[in-house]
């Protein structure tokens with residue numbers, strides 16, 4: 001088989017290279033920490049876009065210090081830079097250019113192969129105003145992206161594919177259809193909320209250690225079981241607490257592996273201790289799962305321990321702190337006694353149907369056309385054509401004549417969700433610009 005083309009992500013330390021790689025690949029492949037030096041070795045992984053496969057290479061942050069370890073990391077980065085077919089030169093779009101960016105730019109300019117300048121951490125439109133100073137690096141026009149939120153990444157991938165060398169054998173670059181062997185469902189939540197007790201009840205055996213000491217589960221534990229829905233993999237994850245309270249390396253990596261399990265799962269069960277209510281950390285976890293792009297079912301555990309007034313208070317906090325999950329199902333259970341746990345499988349069945357939903361192109365375009373008639377986009381922007389490109393979750397590509405504001409994209413997403421009754425499943429919209437009238 002012909003060797004795949006390579007795309008290397010380079011730049012100084014802590015500019016968001018690993019976050020960008022995780023977003024492109026769609027999994028938490030690289031550990032991400034807001035401090036330099038976390039990524040040291042080159043990490044290679046195969047990925048694809050628009051039917052073209054390539055090898056993506058994440059490198060350690062290039063540093064000009066003379067310390068032995070830093071020097072070796074920089075040498076690895078330079079080697080990847082010199083060998084790659086395409087280089088993604090990542091610069092922090094918020095802090096702007098510094099001396100080390102300029103030194104990396106000098107190295108990049110000596111290459112004769114294609115290079116794309118990536119302005120990272122551009123989470124909102126207002127951040128784009130300052131990226132044009134990056135033109136001083138002499139690499140070309142910057143591509144604004146947000147690895148955390150996925151903003152601009154589809155456009156960047158389009159630019160990468162356009163620069164990839166033509167395959168010698170087209171068959172070598174055909175991406176095989178993804179085959180699903182089972183659903184993966186992750187149980188997530190803060191420490192000591194009852195995840196392992198629920199996990200054991202769902203799989204029908206004592207698979208996880210259950211103890212009243214927080215943090216008993218140090219790693220993700222999974223079991224494949226046969227259910228009325230077919231084969232299902234249930235994953236019990238370590239309790240995720242605030243990073244500021246993580247003071248052990250073992251616990252930190254348990255946290256990373258738990259997030260990795262979420263990224264790889266089709267559905268997440270967010271377990272909340274109803275006797276405590278929805279905490280700020282529950283809210284942050286829900287946001288993190290939502291960003292991962294998998295549907296969420298909220299489980300209020302220990303519901304049987306609350307009186308009527310306490311139950312009303314809990315539901316008020318759910319509406320307040322988890323308002324962004326307004327379409328998500330909420331089930332009030334007791335993992336210890338099994339109360340209402342039987343409601344989980346039917347709820348999962350509906351969520352799975354939505355997650356795997358495929359909508360005919362004609363119907364998608366009808367909904368988009370009606371939405372634009374009722375509320376046109378500002379500035380003359382409009383969607384010329386729309387199609388669903390993927391499921392798990394439903395992903396729609398919109399071909400537009402110009403950039404669509406985020407507020408208008410949310411309006412179109414809501415229109416699609418309501419028209420096809422997609423419940424709580426996430427919907428991804430990818431916008432591609434092309435000539436209009």
Just checking, does the stretch 370-377 include any residue being modelled with pLDDT of 90 or more, under 16 Å from residue 433 (Cβ atoms) and assigned by TED's automatic domain parsing to the domain that holds residue 423? yes
Looking only at the stretch 405-420, which residues are farther than 13 Å from residue 364 by Cβ and in contact with a helix residue (DSSP H, G or I) (Cβ under 8 Å, 6 or more places away or on another chain)? 405, 406, 408, 411
Exactly one of 200, 192 is in a loop (DSSP other than H, G, I, E, B), at pLDDT 75 or above and more than 22 Å from the chain's Cα centre (by Cα), and that one is 192
If you take the residues in the stretch 129-148 that are at pLDDT below 85 and exposed (fewer than 15 other Cβ atoms within 10 Å of the Cβ), which one is farthest from the chain's Cα centre (by Cα)? 132
Per the filter on the stretch 323-339, residues assigned to a loop (DSSP other than H, G, I, E, B) and without any contact (Cβ under 8 Å) to a residue 60 or more places away in the chain are 326, 334, 337, 339
Based on what the data block shows, is residue 349 assigned to a helix (DSSP H, G or I), crowded, with 19+ Cβ neighbours inside 10 Å, in contact (Cβ under 8 Å) with a residue 24 or more places away in the chain and not assigned by TED's automatic domain parsing to the domain that holds residue 24? no
Subset tally (residues that are at pLDDT below 90 and surrounded by 14 or more Cβ atoms within 10 Å (Cβ to Cβ)) for the stretch 323-343: 4
When the stretch 90-122 is checked residue by residue, the ones that are assigned to a strand (DSSP E or B) and closer than 17 Å to residue 23 by Cβ are 90, 91, 92, 116, 118, 119, 120
Assess whether residue 88 counts as being more than 25 Å from the chain's Cα centre (by Cα) and either buried (at least 21 other Cβ atoms within 10 Å of the Cβ) or at pLDDT below 85 (or both). no
Considering (1) assigned to a helix (DSSP H, G or I); (2) crowded, with 18+ Cβ neighbours inside 10 Å; (3) in contact with a strand residue (DSSP E or B) (Cβ under 9 Å, 6 or more places away or on another chain), say which one residue 372 fails and leave the rest. (2)
In this structure, does residue 329 turn out to be on the phi < 0 side of the Ramachandran plot and outside the structural domain of residue 405 (by TED's automatic domain parsing)? yes
Residue count, the stretch 123-140 (criterion: within 18 Å of residue 153 (Cα to Cα) and in a loop (DSSP other than H, G, I, E, B)): 3
Would you confirm whether any residue within the stretch 300-322 is crowded, with 17+ Cβ neighbours inside 10 Å, in contact (Cβ under 8 Å) with a residue 60 or more places away in the chain and assigned to a loop (DSSP other than H, G, I, E, B)? yes
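The values are calculated or read from the model by the stated rules, or taken from the named source; none is laboratory data. Just so it is clear, the structure is predicted and the values come from calculations on it, not from any experiment. All Cβ positions, glycine included, derive from the backbone under ideal geometry; neighbour counts span all protein chains shown.
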